[in-house]
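The values are calculated or read from the model by the stated rules, or taken from the named source; none is laboratory data. Treat the numbers as computed from the prediction; the structure is a model and nothing was measured. In this analysis, Cβ positions are derived from the backbone assuming ideal geometry, glycine residues included, and neighbour counts consider all displayed protein chains.
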Amino acid sequence: MRKYLLAFLIMFLGVFSFLSAGPFGEKLLSYWSFDLLEQGKAKEEVKAVLDSVSGNYRVVSGVKGKALIFDGYTTYLVHPAEKVPELRSDFTITAWIALGAYPWNWAPIIAQENTISLNSNLDSYYWPYDILVNSPKDGFYFGVSPEGYLGFMLGTNKGWVICKSEEKLPLRKWVHVAAVFRRQTGIELYINGKKEGEKAGRYLFFQAKEEPLRIGMNREKREPAYPVRPFATLACWYSFDGMMDEIKILGEALPKEEIASSFRAELPKNEPELPARIMPSGPEGPGKFGAYYTTLNYYPEWDRLWPVAKDADVVVQFDNSPVRVVFWRGTRYSPVWVMDKMYWMADQSIENFTDQDGCQEHMLDYQCQFSHVRIVENTEARVVVHWRYSPVSANGARSQVDPISGWPDWVDEYYTFYPDQVGVRKVILHTKADEIIDYPHPDNIIPLCHPGQTPEDVIDLRALTLMNLKGKTKTYDWHSGPPKIDNEKGEYLHFGDQPEEKPIVLMINFKSRYKPYEIFETGCRVRIYGIEYRGGISHFPWWNHWPVAQIPSDGRYCLAPDRASHFCLAWSDPPPHKGEANTFWWAWIYGATDKPVESLLPLAKSWINPPEMKVISQGYKSSGYDMTQRAYVISKVVKKVRPLSLELVPAANATLYNPAIYIKNWGESKLLLKSGQETLTRNKYRAGYVRRPERTDLVIWLKMEAKKPVKITVVPE
C-alpha cells in the first residue's frame, strides 16, 4: 500500500511541478492540453476543472498529445466564470490552431466578454462593428476574423479596442498564435513567433468577471459577415472550424523572445489531421450506366451534422465515361454534372423573391427539410430521377402560400438520362399564382468550386460558348469581368433574334477534357450574369452561402477559397409552358462532351425539330414526340402483343439522333429489333422494362444517326 501511495505522490508532484514550474513556471494561470478528455469533458489543468465539450467534436493527434477538432457549427467549451483567473495589468494568451475554414464572422479561440451585438439585418454592419452603444464592453476576445486575420480585442477605459494581424492565417497548417497585453504599451499579436500586429497605447483592462470563458463559440448568435442582402442574412450559431491544442493563459506579458522560443520548442513535425475537403461524387472513372442510392461522405465534421442513415443520396453513372450526375444533400439535392478533374456543374431551382424575405429557393433549405430525391426508372435504356422541393427563404418563409389551403409552391423535377450521356430536365411548378411574369426562371449557369479552388482554377476566362441552330458560335471572355451579350433593348449583339438565329446551345469551358453543355428551346433568352460582381476578388460573381453551408443567408460574398462555393455565368430563361391545373413547366437538355460545340448541332436539331414518327402497325396509337423525356411515346391498344413498325422521318436540314421510343402496355415480352432489314445487335440499342401496378412498359434507346427516313420494327419473342 505504501508503494502505491508513494507512486501516486511522485506522479502528483510531477504534474504539479509541470504546471507551476514548467515552460512558463508560476506564470501559468489556465491550461487546456486536451490530452485528458474523458466522457465529453476537457480538463483545465491548473485548477483541475472539468469543462463540458458541447456539440460535435473529435479528439485527434495534436502538437503535443491530443488536440480537439471543432466542426464550425456546434462545438464549444464553457469554463465557469468563478474559475476564470483574475487578469490584472499584463497577461498573455497562447495556443496552437489549425484552421479548416475561416469563420462566418469572428469566432473565438478563447474569450470572456460581455458585448451585445445589434444583430440588425437592416444594415451591412456585423460584430464587432455593430456593438450596441449602451452595451457593456468588458473582457477579452482572442479569435479569428471572417477574412482569416488573427485578432485580439479588449474592453478598456478607451472602449472596445480591436487589434488585427497584418497577415492572414493559413489553412490546414499548425500555427502558433499569441496575444499579449501590456498596460503601459498596448496589444501585440504573434503568429509562429513573429509579431504580426500591434495596437500601441496605454490602457486599463476591464475584465468581464461575471461571464464564463468560452472556447470556440461566441456568447450569442451573430450575423455572418459580408452578406449580399443583409435583410436576408440572419444571426446564427457557428463555431471555430478546425483544430485547437495547448491553450494557455499566463499572468504576465511575455517578451517576444520567449514567445518565439516557445514556438520553436513546440513546433510539431506532424501535419494536422485536416485533409483537403473534396465534395463527394462517388467512384471516379467509368461506371455502369444506371442510378445508384448511396450516402456520400464529405468530411467527418460535416457528415455528423446530418441525421441520416444509408442511401441518402443518388449518383448516376455512364458507361465508358468519367462523367457522373450527383444528387447530394450538400447541394440540397439539386443535381450536379461532375466532369473529369472533379469539376462540378450545377444549376438553379425555381426561385421567387420578395422584398421582405429575399430569395426563396432550394439553396436556402440547408437541412433538406423540403427537398428529397428518388429513383423512378433504372433500366439499361434510361434512368429517371425525381427531385421534389419547395422554395424557402433564409427566414423560413415559403413561396406564394395559398391563404385558404396553406399550400406554398411545390416543384417536381424529372431528369431523364440516356446512355449517350444526355439528360433532359423537366421542371413542373405547382402554384396558385395566376402568372409567372415576375417569377425568375429555373436556370442559371452555376459552376461549383471545392474548398481551395477559385473560379479561375475551374474555368477558362473564355468561359462560355454559345451556338445557334445555323451552327454560328461565339465565345465570351471574362478577362475584364462579365461581358456584354446584348444591348439596352435586349437584342443580341452577335446573333439575330429570329428563332433559328438565337443562341440555344451553351457550352461551359471548364479546364477539363469533358465540358458540360445545355440546349434550350428557341424561345430562350440568354443573359450574362453581371450583378454582385467584385472585380478585386474574382473575374466572376462568387459566393459561398451554397453549397454545403449551414447558415441562414441568401447570399454571402466569397473572400477566399476556404469553403465550397459557387459562381455564375448567365441566365438562360427557358420559355415557360402552361400545364394542367395550377402548373407551369419548362424543359431543356443537359450533357457533357469531349468534342467541340459544333458536334452538338445534330442533337439540338433532333430535339427542337424532331423527326416525324409514322406508326405503320395496327394496334398501336402514337402520342408523338415528348420533348420533356426526349422520346417518342406509343401505346399498345390491343390485348395481344404484336410487332410494331414505325418510320422516323427527319425534317429538311435536320437529323435523327439517338432516338428513344417508349411503348406503354408492351408487357413482359422480349423483343427483336430491326432497322430496315438489319437485325440490330445489343451494341446498337438498349431496352428496359418499366413496371407499374397496372402495366409494364418498354423503353428502347437506339444508337443511331441519320438524315434519311429510318424504319424501325420491334418484334416480340
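For region 196-210, residues that are assigned to a loop (DSSP other than H, G, I, E, B) and surrounded by 19 or more Cβ atoms within 10 Å (Cβ to Cβ) total 3.
Restricted to region 117-138, and to residues that are closer than 12 Å to ASN218 by Cβ and at pLDDT 95 or above, which residue is surrounded by the most Cβ atoms within 10 Å (Cβ to Cβ)? Among those that are closer than 12 Å to ASN218 by Cβ and at pLDDT 95 or above, it is TRP127.
If a residue has to be in a loop (DSSP other than H, G, I, E, B) and either surrounded by fewer than 20 Cβ atoms within 10 Å (Cβ to Cβ) or at pLDDT below 95 (or both) to count, how many in region 400-416 make the cut?
Number of matching residues: 8.
For the residues GLY251, GLY285, the requirement of being outside the structural domain of VAL336 (by TED's automatic domain parsing) and modelled with pLDDT of 95 or more singles out GLY251.
If the condition is being over 15 Å from SER617 (Cα atoms), of a type in the set (A, V, I, L, M), touching a residue at least 24 places away in the same chain (Cβ under 8 Å) and surrounded by 15 or more Cβ atoms within 10 Å (Cβ to Cβ), then region 662-705 contributes LEU671, ALA687, VAL690, LEU698, VAL699, ILE700, LEU702, MET704. Just so you know, in region 255-274 the residues that are touching a residue at least 40 places away in the same chain (Cβ under 8 Å) and in a loop (DSSP other than H, G, I, E, B) include one that is nearest to ASP241 (Cα to Cα), and it is LEU274.
All conditions in (1) buried (at least 23 other Cβ atoms within 10 Å of the Cβ); (2) of a type in the set (A, V, I, L, M); (3) over 30 Å from LEU87 (Cα atoms) hold for LEU274, with the sole exception of (1). For ASN395, state whether it is polar (S, T, N, Q), closer than 30 Å to VAL699 by Cβ and either assigned by TED's automatic domain parsing to the domain that holds PRO575 or crowded, with 21+ Cβ neighbours inside 10 Å (or both). No: the conditions fail for ASN395.
How many of the residues in region 71-114 are of a type in the set (Gly, Ala, Ser) and in a loop (DSSP other than H, G, I, E, B)? Within region 71-114, residues that are of a type in the set (Gly, Ala, Ser) and in a loop (DSSP other than H, G, I, E, B) number 4.
Looking across region 496-511, the residues that are crowded, with 20+ Cβ neighbours inside 10 Å and touching a residue at least 60 places away in the same chain (Cβ under 8 Å) come down to ILE504, VAL505, LEU506, MET507, ILE508, PHE510.
Of all the criteria given as (1) buried (at least 18 other Cβ atoms within 10 Å of the Cβ); (2) more than 29 Å from PHE142 (Cα to Cα); (3) in the same structural domain as SER565 (by TED's automatic domain parsing), the one not satisfied by GLU301 is (2). Kindly indicate whether ASP562 is touching a residue at least 12 places away in the same chain (Cβ under 8 Å) and more than 23 Å from TYR415 (Cα to Cα). The answer is yes for ASP562. Among the residues making up region 239-253, a single one is surrounded by 24 or more Cβ atoms within 10 Å (Cβ to Cβ) and in a loop (DSSP other than H, G, I, E, B): PHE240. Residue check: is SER606 in contact with a Pro (Cβ under 9 Å, 6 or more places away or on another chain), more than 30 Å from GLU167 (Cβ to Cβ) and among the polar types (S, T, N, Q)? For SER606, the condition - in contact with a Pro (Cβ under 9 Å, 6 or more places away or on another chain), more than 30 Å from GLU167 (Cβ to Cβ) and among the polar types (S, T, N, Q) - is met. Scan region 27-68 for residues that are charged (D, E, K, R), out of contact with any helix residue (DSSP H, G or I) (no Cβ under 9 Å at 6 or more places or on another chain) and assigned to a loop (DSSP other than H, G, I, E, B) and jot them down. Listed by number, the list holds a single entry, ASP35.
Which condition from (1) surrounded by 18 or more Cβ atoms within 10 Å (Cβ to Cβ); (2) more than 22 Å from the chain's Cα centre (by Cα); (3) not charged (D, E, K, R) is the one that ALA291 breaks? Result: ALA291 fails condition (2) only. Residues that are in contact with a Ser or Thr (Cβ under 7 Å, 6 or more places away or on another chain) and either without any contact (Cβ under 8 Å) to a residue 60 or more places away in the chain or not small (Gly, Ala, Ser) (or both) within region 643-661 comprise PRO643, LEU644, ALA654, THR655, LEU656, TYR657, listed in sequence order. What about GLU223, is it touching a Cys at 6+ places or on another chain (Cβ under 9 Å) and among the acidic types (Asp, Glu)? Yes; evaluated as a whole, the condition is true for this residue.
Listed here are the residues, each with its yes/no results for (1) under 29 Å from the mean Cα position of the chain (by Cα); (2) among the aliphatic types (A, V, I, L, M); (3) at pLDDT 95 or above.
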site: LYS47; (1), (2), (3): no, no, yes
site: LEU50; (1), (2), (3): no, yes, yes
site: LYS66; (1), (2), (3): no, no, yes
site: THR75; (1), (2), (3): yes, no, yes
site: GLU113; (1), (2), (3): no, no, yes
